[in-house]
Amino acid sequence: MGWETKKIWITNKKCKEDIKMKKSLIILATIAFTLVSCSKENADIIPDDNPDSQTSIVFNLTAKHPDGSATKAVKTGWESGDVIYVFLNNVVAPKYLKMSYDGSAWNTTQMNGATEESLGLVEDATGTMRAVYLPFGNSLTVGADGTSFTFSETTYSYYLTATLDYTVTSGEVSGAFEMAIPDGYVQFFLDDASASSSTEIELREPHLTPQGIASIAADGTIIHTNVAHGAPLKGYVYDKAVKETGESKGYLFSGILETGARNTSTNYDFTVVIGGWEGTYYAKAFTGKTWYRGASEGRALKMPALSGWTTITNYQPIDLGCDVDGKRIYWSSRNLGATSDGPANSSTTYGNYFAWGETKSKTNYLWSTYAWGSAIDELTKYNYDNNCGTVDGLTTLELTDDAAHEKLHGIWRMPTDAEWTALSNTTDFDWVPDDTNKGYTVTSRIAGYTDRYIFLPAAGYMWNDELRKDATEGRYWSSSLGTTMYDEPGAANYLSLQSSGHTYPSKGERSNGYSVRPVSE
(Lines give C-alpha, C1' and ligand atoms only; values in the text may rest on other atoms or scores of the structure.)
Protein backbone atom coordinates (compact mmCIF):
# COMPACT_ATOMS: atom_id res chain seq x y z
CA MET A 1 0.00 0.00 0.00
CA GLY A 2 2.75 2.31 0.85
CA TRP A 3 4.45 1.53 -2.46
CA GLU A 4 1.30 2.32 -4.41
CA THR A 5 0.87 5.67 -2.70
CA LYS A 6 4.44 6.63 -3.49
CA LYS A 7 4.04 5.63 -7.10
CA ILE A 8 0.94 7.71 -7.54
CA TRP A 9 2.65 10.67 -5.97
CA ILE A 10 5.58 10.45 -8.36
CA THR A 11 3.22 10.06 -11.30
CA ASN A 12 1.18 13.05 -10.29
CA LYS A 13 4.34 15.11 -9.86
CA LYS A 14 5.53 14.21 -13.38
CA CYS A 15 2.14 15.09 -14.83
CA LYS A 16 2.24 18.51 -13.20
CA GLU A 17 5.69 19.15 -14.67
CA ASP A 18 4.52 18.07 -18.13
CA ILE A 19 1.52 20.35 -17.93
CA LYS A 20 3.72 23.24 -16.80
CA MET A 21 6.11 22.71 -19.75
CA LYS A 22 3.27 22.49 -22.24
CA LYS A 23 1.83 25.76 -20.92
CA SER A 24 5.23 27.46 -21.39
CA LEU A 25 5.49 26.21 -24.97
CA ILE A 26 2.00 27.44 -25.76
CA ILE A 27 2.82 30.91 -24.37
CA LEU A 28 6.06 31.10 -26.43
CA ALA A 29 4.26 30.00 -29.58
CA THR A 30 1.58 32.61 -29.02
CA ILE A 31 4.20 35.36 -28.64
CA ALA A 32 6.03 34.22 -31.79
CA PHE A 33 2.81 34.15 -33.79
CA THR A 34 1.90 37.63 -32.58
CA LEU A 35 5.34 39.00 -33.59
CA VAL A 36 5.14 37.42 -37.03
CA SER A 37 1.65 38.79 -37.54
CA CYS A 38 2.74 42.29 -36.55
CA SER A 39 5.73 42.03 -38.86
CA LYS A 40 3.53 41.05 -41.77
CA GLU A 41 0.96 43.73 -41.07
CA ASN A 42 3.58 46.48 -40.90
CA ALA A 43 5.95 45.26 -43.66
CA ASP A 44 4.56 47.64 -46.27
CA ILE A 45 4.45 50.72 -44.09
CA ILE A 46 7.89 50.72 -42.43
CA PRO A 47 9.99 53.35 -44.29
CA ASP A 48 13.42 52.29 -45.69
CA ASP A 49 15.85 55.14 -45.13
CA ASN A 50 18.98 53.05 -45.84
CA PRO A 51 20.23 53.77 -49.36
CA ASP A 52 22.09 50.46 -49.46
CA SER A 53 18.89 48.51 -48.92
CA GLN A 54 18.13 48.73 -52.66
CA THR A 55 20.09 45.60 -53.55
CA SER A 56 18.85 45.10 -57.07
CA ILE A 57 18.56 47.72 -59.80
CA VAL A 58 17.50 46.58 -63.25
CA PHE A 59 19.36 48.37 -66.04
CA ASN A 60 17.72 48.42 -69.45
CA LEU A 61 20.46 50.17 -71.43
CA THR A 62 21.25 50.17 -75.13
CA ALA A 63 23.76 52.03 -77.31
CA LYS A 64 23.55 53.37 -80.85
CA HIS A 65 26.69 53.08 -82.99
CA PRO A 66 27.47 56.35 -84.81
CA ASP A 67 28.80 54.86 -88.05
CA GLY A 68 25.93 52.59 -88.94
CA SER A 69 25.36 54.37 -92.26
CA ALA A 70 28.91 55.53 -92.96
CA THR A 71 30.75 53.93 -95.87
CA LYS A 72 34.29 55.00 -94.97
CA ALA A 73 34.29 53.98 -91.33
CA VAL A 74 36.26 50.87 -90.48
CA LYS A 75 33.73 49.68 -87.92
CA THR A 76 30.10 50.20 -88.91
CA GLY A 77 28.22 48.54 -86.05
CA TRP A 78 28.41 46.55 -82.85
CA GLU A 79 30.05 43.15 -82.83
CA SER A 80 29.69 40.25 -80.42
CA GLY A 81 32.05 40.74 -77.48
CA ASP A 82 32.03 44.55 -77.56
CA VAL A 83 32.06 46.15 -74.11
CA ILE A 84 30.89 49.59 -73.00
CA TYR A 85 31.98 50.93 -69.62
CA VAL A 86 29.40 53.11 -67.86
CA PHE A 87 30.40 55.43 -65.01
CA LEU A 88 27.73 56.81 -62.68
CA ASN A 89 27.76 59.84 -60.44
CA ASN A 90 25.54 60.30 -57.36
CA VAL A 91 26.18 56.78 -56.08
CA VAL A 92 27.36 55.84 -52.58
CA ALA A 93 30.87 55.03 -53.81
CA PRO A 94 32.64 55.06 -57.16
CA LYS A 95 30.84 52.34 -59.08
CA TYR A 96 30.48 51.49 -62.74
CA LEU A 97 28.54 49.24 -65.08
CA LYS A 98 29.79 46.95 -67.79
CA MET A 99 27.59 46.54 -70.86
CA SER A 100 28.47 43.47 -72.96
CA TYR A 101 27.07 42.86 -76.44
CA ASP A 102 26.20 39.24 -77.23
CA GLY A 103 25.47 39.76 -80.92
CA SER A 104 21.84 40.78 -80.50
CA ALA A 105 21.44 42.58 -77.16
CA TRP A 106 23.32 44.39 -74.40
CA ASN A 107 23.71 42.70 -71.02
CA THR A 108 24.55 44.94 -68.08
CA THR A 109 26.56 43.97 -64.99
CA GLN A 110 26.99 46.15 -61.90
CA MET A 111 30.69 46.43 -61.12
CA ASN A 112 33.01 47.79 -58.50
CA GLY A 113 36.50 46.70 -59.39
CA ALA A 114 35.98 43.03 -60.21
CA THR A 115 33.16 42.41 -57.69
CA GLU A 116 29.45 42.65 -58.42
CA GLU A 117 27.78 44.89 -55.85
CA SER A 118 24.79 47.05 -55.23
CA LEU A 119 25.17 50.59 -56.47
CA GLY A 120 23.31 51.87 -53.44
CA LEU A 121 20.66 53.61 -55.58
CA VAL A 122 17.15 54.25 -54.24
CA GLU A 123 13.84 54.92 -55.87
CA ASP A 124 13.66 58.30 -57.67
CA ALA A 125 17.45 58.77 -57.40
CA THR A 126 18.86 60.85 -60.28
CA GLY A 127 22.26 61.39 -61.81
CA THR A 128 24.33 61.18 -64.97
CA MET A 129 26.01 58.24 -66.67
CA ARG A 130 29.11 58.48 -68.86
CA ALA A 131 29.54 55.65 -71.40
CA VAL A 132 32.91 54.84 -72.98
CA TYR A 133 33.61 52.29 -75.71
CA LEU A 134 37.25 51.42 -76.47
CA PRO A 135 37.52 49.36 -79.68
CA PHE A 136 40.60 47.53 -78.37
CA GLY A 137 39.73 47.59 -74.67
CA ASN A 138 37.09 44.88 -74.22
CA SER A 139 39.23 43.01 -71.66
CA LEU A 140 40.37 45.99 -69.60
CA THR A 141 39.67 46.35 -65.91
CA VAL A 142 38.74 49.57 -64.15
CA GLY A 143 40.14 50.98 -60.94
CA ALA A 144 38.58 53.70 -58.76
CA ASP A 145 40.38 55.86 -56.23
CA GLY A 146 37.32 57.62 -54.87
CA THR A 147 37.55 60.61 -57.17
CA SER A 148 38.19 59.16 -60.61
CA PHE A 149 38.31 55.99 -62.68
CA THR A 150 41.29 54.64 -64.60
CA PHE A 151 41.65 51.80 -67.10
CA SER A 152 44.23 49.09 -66.54
CA GLU A 153 45.93 50.06 -69.80
CA THR A 154 45.94 53.18 -71.97
CA THR A 155 44.81 52.51 -75.54
CA TYR A 156 45.89 55.08 -78.11
CA SER A 157 42.92 54.73 -80.38
CA TYR A 158 39.69 56.49 -81.23
CA TYR A 159 36.87 55.81 -78.80
CA LEU A 160 33.12 56.35 -78.59
CA THR A 161 31.39 58.13 -75.75
CA ALA A 162 28.06 59.58 -74.63
CA THR A 163 26.32 60.83 -71.50
CA LEU A 164 22.81 60.03 -70.30
CA ASP A 165 20.71 61.40 -67.42
CA TYR A 166 19.10 58.69 -65.34
CA THR A 167 16.26 58.34 -62.82
CA VAL A 168 15.48 55.19 -60.83
CA THR A 169 11.85 54.38 -61.58
CA SER A 170 10.20 51.29 -60.08
CA GLY A 171 13.65 49.87 -59.45
CA GLU A 172 14.74 50.31 -63.07
CA VAL A 173 17.08 52.57 -65.04
CA SER A 174 16.44 52.74 -68.78
CA GLY A 175 17.89 54.66 -71.69
CA ALA A 176 19.86 54.62 -74.94
CA PHE A 177 23.34 56.08 -75.36
CA GLU A 178 23.94 58.07 -78.56
CA MET A 179 27.60 57.08 -78.95
CA ALA A 180 29.88 59.42 -80.88
CA ILE A 181 33.56 59.81 -81.76
CA PRO A 182 35.10 62.80 -79.94
CA ASP A 183 35.96 65.82 -82.01
CA GLY A 184 39.08 65.59 -84.13
CA TYR A 185 39.63 61.83 -84.48
CA VAL A 186 40.45 60.23 -87.83
CA GLN A 187 41.08 56.57 -88.64
CA PHE A 188 43.39 54.79 -91.09
CA PHE A 189 43.18 51.14 -92.09
CA LEU A 190 46.12 49.24 -93.60
CA ASP A 191 44.97 46.01 -95.24
CA ASP A 192 47.33 43.14 -94.32
CA ALA A 193 46.26 39.49 -94.30
CA SER A 194 49.27 38.62 -92.14
CA ALA A 195 48.51 41.24 -89.48
CA SER A 196 49.59 40.03 -86.05
CA SER A 197 49.47 41.52 -82.55
CA SER A 198 53.11 40.43 -82.14
CA THR A 199 54.19 42.86 -84.88
CA GLU A 200 55.30 46.29 -83.70
CA ILE A 201 53.86 48.70 -86.25
CA GLU A 202 53.37 52.46 -86.10
CA LEU A 203 52.06 55.19 -88.37
CA ARG A 204 53.38 58.74 -88.23
CA GLU A 205 52.36 61.98 -89.88
CA PRO A 206 53.12 65.54 -88.68
CA HIS A 207 49.42 66.53 -88.68
CA LEU A 208 48.37 63.62 -86.44
CA THR A 209 48.73 63.03 -82.71
CA PRO A 210 47.84 59.90 -80.71
CA GLN A 211 45.49 60.34 -77.79
CA GLY A 212 44.32 58.04 -75.00
CA ILE A 213 42.15 58.29 -71.88
CA ALA A 214 44.18 58.96 -68.73
CA SER A 215 41.21 58.95 -66.34
CA ILE A 216 37.51 59.70 -65.96
CA ALA A 217 36.51 62.10 -63.20
CA ALA A 218 33.63 61.42 -60.82
CA ASP A 219 31.48 63.91 -62.74
CA GLY A 220 32.13 62.07 -66.02
CA THR A 221 34.76 64.43 -67.44
CA ILE A 222 37.33 62.59 -69.58
CA ILE A 223 40.98 63.51 -68.98
CA HIS A 224 43.30 62.68 -71.88
CA THR A 225 46.95 61.72 -72.00
CA ASN A 226 49.49 64.39 -72.92
CA VAL A 227 51.34 63.03 -75.97
CA ALA A 228 53.77 64.99 -78.14
CA HIS A 229 52.41 66.33 -81.42
CA GLY A 230 53.31 64.05 -84.31
CA ALA A 231 54.13 61.08 -82.05
CA PRO A 232 53.57 57.60 -83.54
CA LEU A 233 50.10 56.10 -83.79
CA LYS A 234 50.08 52.48 -82.64
CA GLY A 235 48.66 49.92 -85.05
CA TYR A 236 46.00 47.59 -83.61
CA VAL A 237 45.05 44.38 -85.40
CA TYR A 238 41.47 44.55 -86.59
CA ASP A 239 39.58 41.88 -88.48
CA LYS A 240 36.62 43.65 -90.04
CA ALA A 241 33.28 41.95 -89.51
CA VAL A 242 32.05 43.22 -92.89
CA LYS A 243 34.71 43.14 -95.60
CA GLU A 244 34.79 44.60 -99.06
CA THR A 245 35.75 42.45 -102.04
CA GLY A 246 39.35 41.31 -101.71
CA GLU A 247 39.70 42.83 -98.25
CA SER A 248 41.15 41.05 -95.24
CA LYS A 249 42.12 41.93 -91.72
CA GLY A 250 44.75 44.58 -91.13
CA TYR A 251 45.99 47.34 -88.84
CA LEU A 252 43.89 50.23 -87.59
CA PHE A 253 45.53 53.52 -86.65
CA SER A 254 43.72 56.52 -85.24
CA GLY A 255 44.63 59.91 -83.83
CA ILE A 256 43.69 63.55 -83.52
CA LEU A 257 43.94 65.63 -86.68
CA GLU A 258 45.28 69.10 -85.97
CA THR A 259 42.63 71.81 -86.18
CA GLY A 260 44.19 73.64 -89.13
CA ALA A 261 44.05 70.54 -91.34
CA ARG A 262 40.40 69.64 -90.73
CA ASN A 263 38.13 70.02 -93.75
CA THR A 264 41.01 71.68 -95.58
CA SER A 265 43.01 70.48 -98.58
CA THR A 266 46.30 69.38 -97.02
CA ASN A 267 49.48 67.59 -98.12
CA TYR A 268 50.35 64.59 -95.97
CA ASP A 269 53.57 62.60 -95.61
CA PHE A 270 52.97 59.25 -93.93
CA THR A 271 55.57 56.91 -92.52
CA VAL A 272 54.86 53.31 -91.51
CA VAL A 273 57.52 51.79 -89.28
CA ILE A 274 57.65 48.03 -88.70
CA GLY A 275 59.81 46.48 -86.00
CA GLY A 276 60.73 49.64 -84.14
CA TRP A 277 63.11 52.35 -85.28
CA GLU A 278 65.82 49.85 -86.13
CA GLY A 279 63.38 48.00 -88.37
CA THR A 280 62.03 48.87 -91.81
CA TYR A 281 60.01 51.91 -92.72
CA TYR A 282 57.90 52.99 -95.65
CA ALA A 283 56.96 56.45 -96.89
CA LYS A 284 53.89 57.61 -98.79
CA ALA A 285 52.79 61.13 -99.73
CA PHE A 286 49.21 62.23 -100.27
CA THR A 287 48.68 65.54 -102.02
CA GLY A 288 45.67 67.78 -101.49
CA LYS A 289 43.62 65.44 -99.31
CA THR A 290 40.65 66.70 -97.28
CA TRP A 291 39.72 64.69 -94.20
CA TYR A 292 37.32 65.05 -91.29
CA ARG A 293 33.87 66.30 -92.13
CA GLY A 294 32.19 66.11 -88.75
CA ALA A 295 31.02 63.65 -86.15
CA SER A 296 28.12 62.31 -88.23
CA GLU A 297 30.27 61.03 -91.10
CA GLY A 298 32.85 58.30 -91.48
CA ARG A 299 36.46 59.40 -91.08
CA ALA A 300 38.46 56.33 -92.03
CA LEU A 301 40.86 56.15 -94.96
CA LYS A 302 41.89 52.84 -96.42
CA MET A 303 45.64 53.06 -96.94
CA PRO A 304 47.20 51.42 -100.01
CA ALA A 305 49.10 48.18 -99.48
CA LEU A 306 52.73 48.64 -98.42
CA SER A 307 53.85 47.31 -101.79
CA GLY A 308 52.83 50.70 -103.16
CA TRP A 309 54.90 52.68 -100.63
CA THR A 310 58.51 53.80 -100.93
CA THR A 311 60.72 51.50 -98.90
CA ILE A 312 63.59 53.34 -97.22
CA THR A 313 66.28 51.12 -95.77
CA ASN A 314 69.56 53.02 -96.25
CA TYR A 315 68.95 55.70 -93.63
CA GLN A 316 68.84 53.80 -90.37
CA PRO A 317 67.63 55.74 -87.30
CA ILE A 318 70.23 55.53 -84.52
CA ASP A 319 68.94 55.88 -80.96
CA LEU A 320 71.58 57.66 -78.89
CA GLY A 321 69.27 57.78 -75.86
CA CYS A 322 68.69 61.52 -76.10
CA ASP A 323 65.32 63.20 -75.51
CA VAL A 324 64.65 66.77 -76.61
CA ASP A 325 61.48 68.58 -75.49
CA GLY A 326 60.01 65.28 -74.33
CA LYS A 327 60.69 63.44 -77.59
CA ARG A 328 63.27 60.75 -78.31
CA ILE A 329 65.46 61.95 -81.20
CA TYR A 330 66.88 59.44 -83.70
CA TRP A 331 69.88 60.41 -85.84
CA SER A 332 70.30 59.09 -89.35
CA SER A 333 73.19 56.69 -89.84
CA ARG A 334 74.45 58.70 -92.83
CA ASN A 335 74.52 62.10 -94.49
CA LEU A 336 71.75 63.00 -96.90
CA GLY A 337 72.77 61.66 -100.32
CA ALA A 338 75.56 59.42 -98.96
CA THR A 339 75.85 55.78 -100.01
CA SER A 340 77.51 54.48 -96.82
CA ASP A 341 77.54 55.20 -93.12
CA GLY A 342 81.28 55.24 -92.40
CA PRO A 343 83.90 55.43 -91.30
CA ALA A 344 84.63 54.25 -94.82
CA ASN A 345 85.93 55.68 -98.07
CA SER A 346 85.31 59.43 -98.03
CA SER A 347 83.58 59.56 -101.41
CA THR A 348 80.72 57.37 -100.12
CA THR A 349 80.09 59.16 -96.82
CA TYR A 350 80.05 62.82 -97.81
CA GLY A 351 76.63 62.89 -99.44
CA ASN A 352 75.21 65.96 -101.16
CA TYR A 353 75.45 69.66 -100.35
CA PHE A 354 72.46 71.95 -99.97
CA ALA A 355 71.90 75.68 -99.63
CA TRP A 356 69.83 76.49 -96.54
CA GLY A 357 66.14 76.21 -97.39
CA GLU A 358 66.74 74.46 -100.74
CA THR A 359 65.88 70.83 -101.39
CA LYS A 360 68.12 70.04 -104.37
CA SER A 361 71.88 69.97 -104.70
CA LYS A 362 73.48 71.96 -107.56
CA THR A 363 76.81 72.95 -109.07
CA ASN A 364 76.85 76.68 -108.24
CA TYR A 365 76.12 77.96 -104.74
CA LEU A 366 75.73 81.68 -105.39
CA TRP A 367 73.26 84.29 -104.22
CA SER A 368 72.24 84.66 -107.86
CA THR A 369 71.08 81.01 -107.85
CA TYR A 370 69.57 81.02 -104.34
CA ALA A 371 65.88 80.23 -104.06
CA TRP A 372 64.99 82.80 -101.36
CA GLY A 373 66.72 85.99 -102.44
CA SER A 374 69.27 87.26 -104.94
CA ALA A 375 71.42 88.90 -102.28
CA ILE A 376 72.00 88.76 -98.54
CA ASP A 377 69.89 91.91 -98.10
CA GLU A 378 67.19 91.02 -100.68
CA LEU A 379 65.56 88.02 -99.02
CA THR A 380 62.09 86.88 -100.09
CA LYS A 381 61.49 84.32 -97.30
CA TYR A 382 62.76 83.60 -93.78
CA ASN A 383 63.48 87.17 -92.83
CA TYR A 384 62.88 89.20 -89.65
CA ASP A 385 64.84 92.35 -90.60
CA ASN A 386 63.24 95.24 -92.52
CA ASN A 387 66.65 96.08 -94.01
CA CYS A 388 67.07 92.64 -95.58
CA GLY A 389 64.05 92.28 -97.86
CA THR A 390 60.52 90.94 -97.39
CA VAL A 391 59.76 90.35 -93.72
CA ASP A 392 57.74 87.23 -92.82
CA GLY A 393 59.11 86.53 -89.35
CA LEU A 394 59.92 82.89 -90.16
CA THR A 395 63.04 81.63 -88.42
CA THR A 396 62.65 77.85 -88.80
CA LEU A 397 62.45 75.91 -92.05
CA GLU A 398 59.03 74.79 -93.19
CA LEU A 399 58.96 71.10 -94.12
CA THR A 400 58.53 71.90 -97.82
CA ASP A 401 61.90 73.70 -97.70
CA ASP A 402 63.62 71.05 -95.60
CA ALA A 403 66.00 68.97 -97.75
CA ALA A 404 65.91 65.91 -95.47
CA HIS A 405 62.13 65.87 -95.37
CA GLU A 406 61.69 66.39 -99.10
CA LYS A 407 64.22 63.67 -99.99
CA LEU A 408 63.20 61.05 -97.42
CA HIS A 409 59.60 62.11 -96.70
CA GLY A 410 57.74 60.83 -93.67
CA ILE A 411 59.12 62.14 -90.42
CA TRP A 412 62.76 62.77 -91.45
CA ARG A 413 63.89 66.39 -91.26
CA MET A 414 66.88 68.61 -90.48
CA PRO A 415 67.97 69.02 -86.83
CA THR A 416 66.83 71.98 -84.77
CA ASP A 417 69.02 74.21 -82.60
CA ALA A 418 67.94 72.26 -79.52
CA GLU A 419 68.78 68.91 -81.13
CA TRP A 420 72.30 69.88 -82.20
CA THR A 421 72.89 71.34 -78.74
CA ALA A 422 71.63 68.16 -77.05
CA LEU A 423 73.89 66.04 -79.27
CA SER A 424 76.89 68.13 -78.24
CA ASN A 425 75.99 67.84 -74.55
CA THR A 426 75.29 64.09 -74.38
CA THR A 427 77.97 62.57 -76.65
CA ASP A 428 81.73 62.34 -77.06
CA PHE A 429 83.19 63.67 -80.34
CA ASP A 430 86.31 61.66 -81.19
CA TRP A 431 88.39 62.79 -84.17
CA VAL A 432 89.20 60.05 -86.70
CA PRO A 433 92.47 61.06 -88.44
CA ASP A 434 92.22 58.30 -91.04
CA ASP A 435 93.83 59.30 -94.33
CA THR A 436 90.87 57.97 -96.34
CA ASN A 437 88.08 59.52 -94.33
CA LYS A 438 88.59 62.11 -91.60
CA GLY A 439 85.73 63.09 -89.33
CA TYR A 440 84.19 62.53 -85.91
CA THR A 441 82.81 59.41 -84.33
CA VAL A 442 80.01 60.70 -82.09
CA THR A 443 79.32 58.24 -79.24
CA SER A 444 76.54 58.48 -76.65
CA ARG A 445 77.43 59.07 -73.00
CA ILE A 446 73.95 58.15 -71.79
CA ALA A 447 73.79 54.97 -69.67
CA GLY A 448 72.51 52.05 -71.70
CA TYR A 449 73.45 53.67 -75.02
CA THR A 450 77.24 53.96 -74.78
CA ASP A 451 77.62 51.42 -77.59
CA ARG A 452 75.72 53.65 -80.02
CA TYR A 453 77.39 56.14 -82.34
CA ILE A 454 77.14 58.01 -85.62
CA PHE A 455 79.99 59.13 -87.88
CA LEU A 456 80.12 62.75 -89.15
CA PRO A 457 82.63 63.00 -91.99
CA ALA A 458 84.67 66.16 -92.53
CA ALA A 459 83.05 66.68 -95.91
CA GLY A 460 83.98 70.34 -96.36
CA TYR A 461 81.43 72.69 -97.96
CA MET A 462 80.49 74.31 -101.28
CA TRP A 463 81.16 77.98 -101.90
CA ASN A 464 80.31 79.27 -105.36
CA ASP A 465 81.22 76.31 -107.57
CA GLU A 466 84.12 75.21 -105.43
CA LEU A 467 84.32 72.39 -102.90
CA ARG A 468 86.28 73.84 -100.04
CA LYS A 469 87.84 70.91 -98.26
CA ASP A 470 91.18 70.37 -96.61
CA ALA A 471 90.09 67.08 -95.02
CA THR A 472 89.76 68.71 -91.59
CA GLU A 473 86.44 70.57 -91.82
CA GLY A 474 82.75 69.75 -91.99
CA ARG A 475 79.66 71.97 -91.84
CA TYR A 476 76.15 70.69 -91.06
CA TRP A 477 73.03 72.83 -91.36
CA SER A 478 70.38 73.22 -88.67
CA SER A 479 66.78 74.11 -89.51
CA SER A 480 67.11 77.42 -87.66
CA LEU A 481 68.21 80.89 -88.68
CA GLY A 482 69.08 81.67 -85.10
CA THR A 483 69.00 85.22 -83.76
CA THR A 484 71.43 85.10 -80.87
CA MET A 485 74.80 85.65 -82.58
CA TYR A 486 74.02 88.72 -84.63
CA ASP A 487 71.02 90.05 -86.50
CA GLU A 488 71.76 88.60 -89.90
CA PRO A 489 68.83 86.68 -91.40
CA GLY A 490 70.93 86.03 -94.48
CA ALA A 491 72.89 83.48 -92.43
CA ALA A 492 71.73 80.32 -90.61
CA ASN A 493 73.08 78.18 -87.77
CA TYR A 494 75.29 75.18 -88.45
CA LEU A 495 77.53 72.68 -86.64
CA SER A 496 81.19 73.30 -87.38
CA LEU A 497 83.67 70.41 -87.32
CA GLN A 498 87.42 71.02 -87.13
CA SER A 499 90.21 68.61 -86.29
CA SER A 500 90.68 70.70 -83.15
CA GLY A 501 87.08 70.36 -82.03
CA HIS A 502 83.45 71.11 -82.86
CA THR A 503 81.35 74.25 -82.38
CA TYR A 504 77.63 74.90 -82.25
CA PRO A 505 76.18 77.25 -83.19
CA SER A 506 78.28 78.72 -85.94
CA LYS A 507 76.68 80.90 -88.59
CA GLY A 508 77.04 80.71 -92.37
CA GLU A 509 75.54 82.42 -95.40
CA ARG A 510 72.39 80.65 -96.55
CA SER A 511 73.54 80.43 -100.17
CA ASN A 512 76.49 78.17 -99.29
CA GLY A 513 76.28 74.41 -99.73
CA TYR A 514 76.63 72.45 -96.45
CA SER A 515 76.02 68.83 -95.45
CA VAL A 516 72.71 67.64 -94.00
CA ARG A 517 72.35 64.95 -91.32
CA PRO A 518 68.65 63.94 -91.03
CA VAL A 519 66.86 63.27 -87.73
CA SER A 520 63.53 61.70 -86.81
CA GLU A 521 61.57 61.61 -83.58
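The values are calculated or read from the model by the stated rules, or taken from the named source; none is laboratory data. Just so it is clear, the model here is predicted, and its values are computed rather than measured. Glycine also receives a Cβ, built like all others from the backbone with ideal geometry; neighbour counts cover every protein chain displayed.
Summary table below
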read-out	value
Residue selected from the range 128-149 under the condition surrounded by fewer than 17 Cβ atoms within 10 Å (Cβ to Cβ) and part of a strand (DSSP E or B), by the criterion modelled with the lowest pLDDT	143
Qualifying position, being of a type in the set (Ser, Thr, Tyr) and touching a Lys or Arg at 6+ places or on another chain (Cβ under 9 Å), among 444, 424	444
Pair list, Cβ under 7 Å, 6 or more apart: the range 502-521 residue farther than 20 Å from residue 324 by Cα, other residue basic (Lys, Arg)	508/475; 514/475; 515/475
Some residue of the range 92-110 being at pLDDT 70 or above, within 30 Å of residue 242 (Cβ to Cβ), aliphatic (A, V, I, L, M) and in contact with an Asp or Glu (Cβ under 9 Å, 6 or more places away or on another chain)	yes
Verdict on residue 421 being part of a helix (DSSP H, G or I) and closer than 15 Å to residue 476 by Cα	yes
Tally, over the range 435-451, of residues that are surrounded by fewer than 17 Cβ atoms within 10 Å (Cβ to Cβ), at pLDDT below 95 and either basic (Lys, Arg) or in contact with a helix residue (DSSP H, G or I) (Cβ under 9 Å, 6 or more places away or on another chain) (or both)	1
Any hit, the range 295-304, residues being among the hydroxyl-bearing types (Ser, Thr, Tyr) and at pLDDT 90 or above	no
Flag if residue 227 is assigned to a strand (DSSP E or B) and at pLDDT below 90	no
Positions within the range 362-388 being of a type outside the set (D, E, K, R) and under 37 Å from the mean Cα position of the chain (by Cα), in sequence order	382, 383, 384
Answer residue from the range 464-479, given it is in a strand (DSSP E or B) and modelled with pLDDT of 95 or more and is surrounded by the most Cβ atoms within 10 Å (Cβ to Cβ) among those	477
Some residue of the range 422-430 being modelled with pLDDT of 95 or more and closer than 19 Å to residue 509 by Cα	no
